[in-house]
Amino acid sequence: MSLVNLHQVHKYYGDHHVLKGIDLDIKAGEVVSIIGKSGSGKSTLLRCINGLEQYQEGGITVDGKEVTTEDIQVRRLALSVGMIFQNFNLFPHMTVGENVMLAPTIVLKKSKAEAEATARAMLEKVGLAEKFDSFPEKLSGGQQQRVAIARALAMSPKVLLCDEITSALDPELVGEVLKVLEQLAKEGITLVLVTHEMNFARDVGSRVVFMHQGKVWEQGDSKTILSNPQTDELKQFMGAVL
Amino acid sequence: MLYFSDLLQYSDVFLSALKTTVELTVLTTILGVVLGTVCATVRQYGNRAGQRVVSVYVELIRNTPFIVQLFFIFFGLPAIGMMLSPWEASMIALTINLGAYSTEIIRAGLASISKGQIEAAKVLGLNFRQTLTRVIFIPAFEKIYPALTSQCIIVMLGSAVISQISVQDLTYAANLVQSRNFRAFESYLVTALLYLGLSILLRFAFNALGKRLFAYRTSN
């Protein structure tokens, strides 16, 4: 059964037609990598899935429920869709532990003890249990991004959206974040990533979606599509990134 | 010759005046910053009508003299049936004044918070009020804290003007004492030193509060 479904989604910024009829179906447990040049609409697509951006035509459902940007809807959606950003966006005035505990306590109304137990478990999962009382600014970029992953996981989302989450990291820190993602993929979490990490897309991802000029240009099983691209545009793109 | 001892018999006058100034300062600082926070929030995140109302208020206050605002409230408002005591009129005038200036300062702080922080709160399911109070306010205030505390001190010093509508504050006491004993030099010097002491004390209090509020910058 499909967890995330996009049907003929069109999105405009003013006159600029960013998404030109996207059809996409993501099943539970899939790891979908969205690749493409900048400006091809990858991030916009991701942001439409969790209601951060409005779309003008078509329909998006997550777990059977329709996605709109209505405030209340976004909040309900947040319970099933987690998101991790390129710039981490940890809250600087809270410790790592408080960052992870915030939403479970005030959104899910969990008790402090329960939220703390969850937070510690999630931080353990990303290998940062000992940083519970540290402030974000004391952490490296890679560590901050892992905290952001733990923060998203603490809400037990059905699907996790990752918007170029390794792009702001120094090259030597990319690996630790990808390792966490790989672990999550093994555990069966549904992941949708906008990424430039082709090796990760090929080795860990189950499917690759290549976007070009606001359309899903080509998609398929990650190993097949990356070793044997069909369209000229994907061939060209692969040539440019590899 | 200088005769500071001539002031001694008026120490009660100075003390009660000091109390008035301190009371008004503490009260208007709290109320003014709360007002400024509300207005800044409306101006930064509110709808167009709200933003316009706040803009008019801020520009009106920032482009007119404080003493005129005070006289308007104290002498002007009774004409439309609002009789206020000098103390009440001063409290309102000072709060409105600080509210306008702090609106601009606090708004700069709000504007410094990246969109990413707000989106992160949103995708975690926080509503707008929770986002404001839990995510935005503390880092926003940290950015503008020195400017805001300076403004509070400016308003405290500016409160000297309220002696003009016979609130018995420090400046009122200085005027009173020097008119009785003609020791203008001593009287105003002592008053100036009392204001100086108040400023230093206020700055000290703000620093202590800042250290608590923004502990995350120094700890670990």
Original post:
Using beta carbons and a limit of 6 Å, which pairs, at least six apart or on different chains, have the first residue in the range A:211-239 and at negative phi and surrounded by 14 or more Cβ atoms within 10 Å (Cβ to Cβ) and the second one part of a loop (DSSP other than H, G, I, E, B) and not β-branched (Val, Ile, Thr)?
Top reply: A:MET211/A:SER40; A:MET211/A:GLY41; A:HIS212/A:SER40; A:GLU218/A:GLN230; A:SER222/A:GLY205; A:MET238/A:PRO229
Original post:
Among (1) buried (at least 17 other Cβ atoms within 10 Å of the Cβ); (2) within 14 Å of the chain's Cα centre (by Cα); (3) of a type in the set (S, T, N, Q), which single condition is A:SER167 missing?
Top reply: (1)
Original post:
Residue check, A:ALA148 against (1) touching a residue at least 24 places away in the same chain (Cβ under 8 Å); (2) over 21 Å from A:GLU53 (Cβ atoms); (3) in contact with a Phe, Trp or Tyr (Cβ under 6 Å, 6 or more places away or on another chain), all met but one. Which one?
Top reply: (2)
**OP:** Please enumerate the residues belonging to the range A:122-136 that are part of a loop (DSSP other than H, G, I, E, B) and surrounded by fewer than 16 Cβ atoms within 10 Å (Cβ to Cβ).
**Re:** A:GLY127, A:ASP133
Subject >> Within the range B:161-174, tally of residues that are surrounded by 18 or more Cβ atoms within 10 Å (Cβ to Cβ) and either part of a helix (DSSP H, G or I) or at positive phi (or both) >> reply: 9
**OP:** Within the range A:107-121, identify whether any single residue is outside the structural domain of A:GLY14 (by TED's automatic domain parsing), buried (at least 18 other Cβ atoms within 10 Å of the Cβ) and within 28 Å of A:HIS196 (Cα to Cα), and answer yes or no.
**Re:** no
Original post:
Among the residues of the range B:118-139, how many are crowded, with 21+ Cβ neighbours inside 10 Å and more than 7 Å from chain A (Cβ to nearest Cβ)?
Top reply: 2
Original post:
Quick one: what pairs do we get from the range A:85-100, first residue at the interface with another protein chain (Cβ under 9 Å from one of its Cβ atoms), second in a helix (DSSP H, G or I) and β-branched (Val, Ile, Thr), C-beta under 8 Å, 6+ apart or different chains?
Top reply: A:PHE88/A:VAL147; A:LEU90/A:VAL96; A:LEU90/A:VAL147; A:PHE91/B:VAL135; A:HIS93/B:ILE138
Subject >> strands (runs of 3 or more DSSP E) enclosed by the range A:1-92 - at least 3 residues per element that are in contact with a strand residue (DSSP E or B) (Cβ under 6 Å, 6 or more places away or on another chain) and of a type outside the set (Val, Ile, Thr) >> reply: A:2-13, A:16-27, A:57-62
Original post:
Is one or more of the residues making up the range A:37-56 within 8 Å of chain B (Cβ to nearest Cβ) and either surrounded by fewer than 19 Cβ atoms within 10 Å (Cβ to Cβ) or of a type outside the set (Ser, Thr, Tyr) (or both)?
Top reply: yes
Original post:
Taking the range A:99-130 as the search range and keeping residues that are touching a Ser or Thr at 6+ places or on another chain (Cβ under 8 Å) and of a type in the set (D, E, K, R), which one is farthest from B:TYR216 (Cα to Cα)?
Top reply: A:LYS110
**OP:** Inspect all residues belonging to the range A:170-179 and state whether any of them is without any contact (Cβ under 8 Å) to a residue 60 or more places away in the chain, buried (at least 17 other Cβ atoms within 10 Å of the Cβ), touching a Leu at 6+ places or on another chain (Cβ under 7 Å) and farther than 25 Å from A:GLY29 by Cα.
**Re:** no
Subject >> Residue count, the range A:4-16 (criterion: within 16 Å of A:ARG47 (Cα to Cα) and out of contact with any Gly (no Cβ under 6 Å at 6 or more places or on another chain)) >> reply: 6
Original post:
Tell me, which residue of the range B:65-117 that is more than 14 Å from chain A (Cβ to nearest Cβ) and charged (D, E, K, R) is surrounded by the fewest Cβ atoms within 10 Å (Cβ to Cβ)?
Top reply: B:GLU88
Original post:
Any idea which of (1) modelled with pLDDT under 95; (2) within 10 Å of chain B (Cβ to nearest Cβ) is the one A:GLU66 doesn't satisfy?
Top reply: (2)
Subject >> Members of the range B:1-35 found to be crowded, with 20+ Cβ neighbours inside 10 Å and closer than 14 Å to B:LEU202 by Cα, listed by number >> reply: B:THR21, B:LEU24, B:THR25, B:THR28, B:THR29
**OP:** Looking only at the range A:104-134, count how many residues are touching a helix residue (DSSP H, G or I) at 6+ places or on another chain (Cβ under 6 Å) and within 20 Å of B:ARG129 (Cα to Cα).
**Re:** 4
**OP:** Might you check whether a residue that is among the polar types (S, T, N, Q), in contact with a Lys or Arg (Cβ under 9 Å, 6 or more places away or on another chain) and modelled with pLDDT of 95 or more occurs anywhere in the range B:111-123?
**Re:** yes
Original post:
Where residues in the range B:36-56 are in contact with a helix residue (DSSP H, G or I) (Cβ under 6 Å, 6 or more places away or on another chain) and more than 10 Å from B:ILE106 (Cβ to Cβ), which of them is surrounded by the most Cβ atoms within 10 Å (Cβ to Cβ)?
Top reply: B:VAL54
Subject >> Which numbered condition A:VAL81 misses (of (1) at pLDDT 90 or above; (2) more than 8 Å from every other protein chain (Cβ to nearest Cβ); (3) crowded, with 16+ Cβ neighbours inside 10 Å) >> reply: (2)
**OP:** Evaluate the following for B:VAL26: is it touching a Cys at 6+ places or on another chain (Cβ under 9 Å) and in a helix (DSSP H, G or I)?
**Re:** no
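The values are calculated or read from the model by the stated rules, or taken from the named source; none is laboratory data. As the structure is a computational prediction, the values presented were derived from the model and not from experiment. Cβ: placed from backbone, ideal geometry, glycine included. Neighbour counts: every protein chain shown.
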